[in-house]
Amino acid sequence: SFRIWQCGGALEFIPCSRVGHVYREHHPYKFPDGALNTINKNLNRVAEVWLDDFKDIYYRIRPGNRHINPGDLTERKKLREDLHCKPFGWYVKNVFPDMFVPIPEYTYAHGMIRNPESDQCLDVHSTRMA
């Protein structure tokens, strides 16, 4: 949605509206490089075209993606230029000012929290009780 906002559009919340999604059991297209590699390549493309200086934060969170080539971005960057899209910083400041952005001057540390005694990590994504 940030691309919509950056390029002059808006998303509206309409009372009593319904949004649906059709899920498929399989994809009608192939992932020649594997689904995970394709997804990570596409995430890199988004970061490189749309996140501006904030892409460094993305790569800090996903350091393994730094080596994935996003491919030719010429057409996407030209589209952004032709549409006179605003910088990602504008989106953060004006559309989603409450979003936590781990910018370096406000981030004291980042990485894993590991208990040296048990060698276990703190995991915010796990649904399993330890």
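Does the range 32-41 include one or more residues that are in contact with a Pro (Cβ under 9 Å, 6 or more places away or on another chain) and either of a type in the set (Ser, Thr, Tyr) or over 25 Å from His110 (Cα atoms) (or both)? Yes: one or more hits. Looking across the range 6-62, the residues that are aliphatic (A, V, I, L, M) and farther than 27 Å from Glu75 by Cβ come down to Ile14, Val19, Val22.
Yes/no matrix, rows are residues, columns are (1) in contact with a Gly (Cβ under 9 Å, 6 or more places away or on another chain); (2) under 27 Å from Ala35 (Cα atoms); (3) open to solvent by 90 Å² or more (accessible area, probe 1.4 Å):
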| site | (1), (2), (3) |
| --- | --- |
| Arg80 | no, yes, no |
| Lys86 | yes, no, no |
| His110 | no, no, yes |
| Asn115 | no, no, no |
| Asp119 | no, no, yes |
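Screening Gly20, Gly8 for residues that are touching a His at 6+ places or on another chain (Cβ under 9 Å) and not acidic (Asp, Glu) leaves exactly one candidate, Gly8. Within the range 11-69, restricting attention to residues that are small (Gly, Ala, Ser) and closer than 30 Å to His84 by Cβ, the residue that is most open to solvent (accessible area, probe 1.4 Å) is Ser17.
The values are calculated or read from the model by the stated rules, or taken from the named source; none is laboratory data. Since the structure is predicted, the reported quantities are computational estimates derived from the model, not experimental observations. Backbone-built Cβ (ideal geometry, glycine too); neighbour counts: all protein chains shown. Heavy atoms of the whole protein, side chains included, go into the accessibility calculation; ligands, DNA and RNA do not. Shrake-Rupley method; radii C 1.70, N 1.55, O 1.52, S 1.80 Å.
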